[in-house]
Every structure is written in C-alpha cells, then in structure tokens.
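Reviewing the structure listed below.
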Amino acid sequence: MDNLVLDIRGQICPACLLISLKELNNNRSRIKNGEASLVVLTDHRDATRTIPNAVTAMGYSVNVEKREGYYEITIKKEK
Amino acid sequence: MRSRSKKKSSPDRGSFQKNNRSSRVQAGTKDTERILYKYIREKVNQLLEIMGTKPLREEELDERTIVEFDPIGIIAESFKEILEHLREKNLQLQQARDYLQAVFDAVGVGISIVDRDLKIIKCNERQKELLVRDTDTVEGRHCYEVYCGIDSPPLICPAIETIERSREVFLKEVTKKGRVFQINTSPLKDGEGNITGVVEVSVDITDKKRTEEALHQAEKLAAVGRLAAGIAHELNNPLGNIIGYAKLLLKTGDLGDYEREKLSVIIEQAEKGSEIIRGLLEFSHERPLELRSVLINNSIERVLSSMAHIIESSGIKVFKYLDDIPPVEVDQKQIEQVFHNTLLNAVQALEGRKDGIIEIRTAGLDSTVQISLSDNGPGIPREHLSLIFDPFFTTKPPGKGTGLGLSISSEIVKKHGGSIWVESESGKGTTFHIILPVRTRIALNGEAES
C-alpha cells in the first residue's frame with residue numbers, strides 16, 4: 001500500500017483541513033480501494049481534531065500519532 | 001472567475017445605467033466584485049463552520065487564490081462522500097435491524113422489552129404465542145396487564161426489582177396463564193449507564209416439568225416395586241407354612257364344623273395372599289423367555305378350560321372366532337398368563353350381568369398373529385384408559401385385585417416384541433388387542449425384537 005505524504009507543517013486552520021480534503025478528494029478511489037493511504041504531517045494541534053472528524057464522517061478510518069514536534073495523521077480505507 | 005465576472009457584470013451594469021460614462025461603470029464593477037467576494041467568503045466560512053473548523057482570516061487567501069483554491073468545490077466533494085457514506089451506513093443499519101428482528105422473532109424463548117413504567121416497547125413472536133391471548137397491539141400497554149392479566153404490578157415482580165436494584169433477576173418457576181415459566185429480567189441501559197427499561201425473557205418449562213414429574217413418578221414406582229418384591233419374597237415362606245399347617249389340621253378327624261369352616265377361610269385367605277405375592281414377583285422378576293413353537297388357538301382353549309368354572313358360574317357366553325393361524329414362537333406359560341389375565345379382566349367386568357358375552361378372535365396378518373378379546377361390559381372410563389397398564393392401578397375394591405394383571409401382561413407382550421392395546425367405550429364394552437410376531441427374535445440384551 002502506498003503512503004501519500006502531505007506535509008502541511010506551518011499551515012493553520014482552516015487551511016489544514018481544506019488542503020487535506022483536497023488531497024483526499026484527488027486520491028479518493030485509490031484510498032477507498034485500499035491501495036493507498038494519506039499521511040498528513042501537521043504541527044497545528046486543531047487539525048488533529050478537525051481532520052479526523054471530517055474524514056470519519058466520510059467513511060475513512062483515521063489514526064493520529066504524535067511525533068517529535070508535529071503530528072502524523074494517517075487516513076485509510078474504513079475497516 | 002475574476003475576469004469573467006468583470007466581463008459579465010460590465011454589460012449588465014452598462015445596460016442598467018446607460019447615461020453614465022465609463023468611470024461610473026468601473027466603480028460599479030468594483031462594487032459588484034466586492035459584494036461577490038464578500039459573499040463567497042461568507043459562504044466558505046459557513047461551510048467551514050459546518051465542517052467544524054475556523055473561518056478564513058482576512059489575510060488568508062486573497063480573492064484570486066480563494067477562487068483558484070476552490071474551497072466550496074472541495075467541501076462539496078467531501079459532502080458528496082459524507083452522503084454516500086451515510087447512505088451505505090443506513091443500508092447496513094437497516095440490514096442489521098432486519099437480521100436482529102428475524103433472530104428476535106425466531107428464537108425459542110419469549111422476549112419482551114419494557115420501559116421504566118413497565119410499558120411494553122417491543123415483544124417477539126414467541127412471547128406473543130406464549131402469553132398474549134388477545135389480538136390487540138401489545139406495544140404501549142403495561143406488561144403486567146398483557147402478560148400476567150392483572151391491573152397493577154404484582155408484589156413480587158422481577159422487572160420492578162431489576163429497575164430498582166439495577167440487577168438481573170431470575171425466577172425459577174412462575175405459573176402464568178396455565179403454563180410454567182422460567183423468567184429472567186435484565187436491565188436495559190443507555191450510553192450513560194442509566195436504566196431505561198428491562199429485557200424480560202420467558203422460557204416455557206411446562207413440558208419439561210411434566211416429563212420430570214413423570215420420571216419422578218416412574219422412579220418412585222420402581223422403588224416401590226423393588227420393595228414390594230423384597231417383602232413378597234419374605235412373605236412367601238410364612239404363607240406357605242400357614243397354608244400347609246391349616247391343611248394338615250383339616251385332615252385331623254376330630255374337628256367340628258365351625259373349626260373346619262374357619263380353617264377353610266384361613267387357607268383361602270392365605271392362598272389369596274400367595275396369589276398376590278406371585279403377581280408381585282412376576283412383575284418384578286425378569287424371567288427369561290422360554291421360546292418354543294406354540295399354537296395360539298390351543299393356548300386359548302387351554303386357558304378357557306382352566307377358567308371354565310368361573311365363566312360358567314358367571315353365566316357368561318363365550319364366542320370364539322379362531323382362524324387357522326401359524327404357530328408362533330413364544331414362551332407358552334407367559335403368553336397363556338396374558339390370556340388368563342385379560343380374560344379374567346373381562347369376566348370381572350361382566351360380573352353381575354345376565355347377558356355377559358365374551359368374544360375371542362384370532363387372525364394371521366403378514367408375519368404376525370392378532371388376538372382380540374371383547375366383552376360387552378360397562379367399558380373403561382376415558383380417564384382410566386391411559387392408566388390400565390400401569391402397575392398397581394385397579395378400580396376393584398381392596399382385596400379384590402392387585403392392579404398387576406394387565407401391567408404384567410403388557411410387560412410379557414412387550415418382551416415378545418409384540419404390542420397390546422385397549423379399545424373401550426363407556427357403556428359399550430371393551431376390546432383388548434394383542435399382536436405377536438410369528439418369530440420372536442431375542443436381542444442381545446435379552447429383550448425380544450420383532
């Protein structure tokens with residue numbers, strides 16, 4: 001499975017969400033099929049709430065992990 | 001978009017304000033643009049708010065980038081996906097609900113869900129079958145009214161106990177509407193752990209209980225049988241002594257009539273006692289079958305002649321319709337005992353009647369012989385029909401019968417792999433049917449198989 005990495009460190013809300021959604025929309029079929037997952041790197045704490053909320057409503061599974069100085073949000077096909 | 005809106009709005013404005021020159025047109029276009037961008041920004045913010053995030057700041061995304069970035073398009077795409085996801089989830093929910101409903105209705109126990117006021121929210125088909133007599137809807141009615149048939153909650157109510165103490169309650173045995181149930185109630189809780197109702201599960205144990213009682217009865221009977229056989233065996237010797245000495249005394253010459261009469265009574269009564277004991281021993285002892293080829297018609301004749309004096313003294317007429325049937329492999333002594341017992345039963349049924357008739361028929365059918373024995377006596381009451389082959393069942397006054405004759409007969413016939421049953425109608429007489437296989441095959445366990 002491919003990991004599409006979207007590094008939006010330095011961006012804040014609402015741009016974080018919009019950029020992530022745009023990327024998700026662009027790769028929709030590959031992610032929905034389970035061929036790829038989208039990994040968003042962000043240092044904006046609000047995004048760890050807004051992105052998971054939005055993408056779970058869209059039917060994706062999401063996992064947030066804290067890294068050194070930023071967060072890694074992984075968006076995948078729902079189990 | 002910026003350039004397009006410019007192009008689009010200019011001629012419009014122009015057409016509305018024909019008298020004004022280009023400077024006014026320019027100013028008007030700028031106004032429209034400002035209004036449009038303000039509108040777009042507002043709508044984007046509205047959508048962002050729905051998505052749960054912050055509005056755009058003034059410095060964030062200038063007019064050109066807002067159009068190029070197309071946030072409305074992005075959010076619209078996401079909404080499309082959210083809707084699709086919801087539709088899918090709804091479908092799954094509906095399916096899950098259908099499955100649950102099917103399981104709820106198909107399960108063999110009665111299930112009912114009631115709220116805190118004991119009003120029925122849901123009730124499965126089995127519960128309705130078991131406890132709902134009327135055809136009205138049960139949902140919304142009180143469970144005690146529908147299931148227990150009372151106007152107010154009973155003193156001991158498992159559902160109330162479950163609500164008040166927030167725990168499961170189990171009732172081992174409750175009788176409702178003529179059936180016996182095991183009832184289990186468990187609390188129904190919402191996401192925060194508050195009790196919103198009770199799940200009541202009713203298991204019908206009526207049949208199980210009946211079987212248990214029958215088994216218990218059979219065990220009791222078996223124990224009594226063993227005890228009786230033990231006592232009978234012990235009584236045999238003293239009774240034999242009584243009869244022997246009484247007979248010896250009778251032979252001595254110097255006895256008066258009074259003494260002789262009393263001695264005869266002693267002998268007669270002691271012999272009756274012996275007969276009862278023989279019956280008991282017969283019933284409890286597993287005697288192996290001594291099989292040999294027997295002509296049933298001859299056996300019937302033998303039994304009839306041995307009982308000739310009772311039959312004649314009772315004024316009973318016997319009609320025989322004996323077919324030419326093949327010999328059967330039976331234990332002659334035991335089978336003749338069966339005929340003796342059933343015949344005696346008929347004679348006793350006809351006691352005191354002047355027009356007593358007994359009909360005996362034999363016939364061969366396939367590899368069996370059938371014997372039927374009818375009397376025109378008073379018949380057996382319906383409630384006794386299922387009991388007449390039970391040991392110790394008798395309708396005769398105490399001392400007249402042991403209640404063992406027919407049960408012994410039934411045992412003997414069964415041991416031969418045959419069957420015996422009775423047909424009777426009150427006032428019209430009784431017929432005993434006996435079917436015996438021509439060849440009795442002895443199984444390894446000693447029981448006969450046909």
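The values are calculated or read from the model by the stated rules, or taken from the named source; none is laboratory data. Quick caveat: nothing in here was measured; it's all calculated off a predicted structure. Virtual Cβ from ideal backbone geometry, glycine too; neighbours counted across all protein chains shown. For the accessible areas, the whole protein counts, side chains as well, though only heavy atoms, and no ligand, DNA or RNA atoms are used. Shrake-Rupley method; radii C 1.70, N 1.55, O 1.52, S 1.80 Å.
Going by the structure shown, is residue B:414 closer than 23 Å to residue B:356 by Cβ and open to solvent by 60 Å² or more (accessible area, probe 1.4 Å)? Even if it seems obvious, please write down each step before you answer.
Values: closer than 23 Å to residue B:356 by Cβ: no; open to solvent by 60 Å² or more (accessible area, probe 1.4 Å): yes.
For residue B:414, the condition - closer than 23 Å to residue B:356 by Cβ and open to solvent by 60 Å² or more (accessible area, probe 1.4 Å) - is not met.
Collect the residues in segment B:178-232 that are under 30 Å from residue B:278 (Cα atoms) and touching a Leu at 6+ places or on another chain (Cβ under 7 Å), keeping them in residue-number order. Passing the criteria: B:228, B:229, B:232. The number of residues in segment B:45-56 that are open to solvent by less than 70 Å² (accessible area, probe 1.4 Å) and more than 8 Å from every other protein chain (Cβ to nearest Cβ) comes to 2.
Pick out, from segment A:18-79, the strands (runs of 3 or more DSSP E) lying fully within it that include 2 or more residues that are closer than 19 Å to residue B:79 by Cα and within 13 Å of another protein chain (Cβ to nearest Cβ). Correct list: A:60-66, A:71-77.
When B:68, B:63, B:59, B:42 are checked against the criterion of being open to solvent by 70 Å² or more (accessible area, probe 1.4 Å), in contact (Cβ under 8 Å) with a residue 40 or more places away in the chain and more than 9 Å from chain A (Cβ to nearest Cβ), B:63 stands alone in meeting it. If you go through segment B:337-354 and keep only what is open to solvent by 30 Å² or more (accessible area, probe 1.4 Å) and assigned to a helix (DSSP H, G or I), you end up with B:337, B:340, B:344, B:345, B:348, B:349.
Quick one: which of B:139, B:88, B:129 is assigned to a helix (DSSP H, G or I) and either out of contact with any Gly (no Cβ under 8 Å at 6 or more places or on another chain) or within 14 Å of chain A (Cβ to nearest Cβ) (or both)?
On the way: B:139 fails: assigned to a helix (DSSP H, G or I); B:129 fails: either out of contact with any Gly (no Cβ under 8 Å at 6 or more places or on another chain) or within 14 Å of chain A (Cβ to nearest Cβ) (or both).
Going through B:139, B:88, B:129 in turn, the sole match is B:88.
Whether any residue in segment B:19-27 is among the charged types (D, E, K, R) and either at pLDDT 85 or above or under 60 Å from the mean Cα position of the chain (by Cα) (or both) is what I want to check.
Taking segment B:19-27 and keeping what is among the charged types (D, E, K, R), we get B:21, B:24.
Right, trim to either at pLDDT 85 or above or under 60 Å from the mean Cα position of the chain (by Cα) (or both) and you get none.
Looking through segment B:19-27, none of the residues is among the charged types (D, E, K, R) and either at pLDDT 85 or above or under 60 Å from the mean Cα position of the chain (by Cα) (or both).
For residue B:330, the conditions (1) part of a helix (DSSP H, G or I); (2) touching a Ser or Thr at 6+ places or on another chain (Cβ under 9 Å) are fulfilled apart from (1). The criterion of being crowded, with 19+ Cβ neighbours inside 10 Å and either touching a residue at least 24 places away in the same chain (Cβ under 8 Å) or outside any strand (DSSP E or B) (or both) holds for residue B:75.
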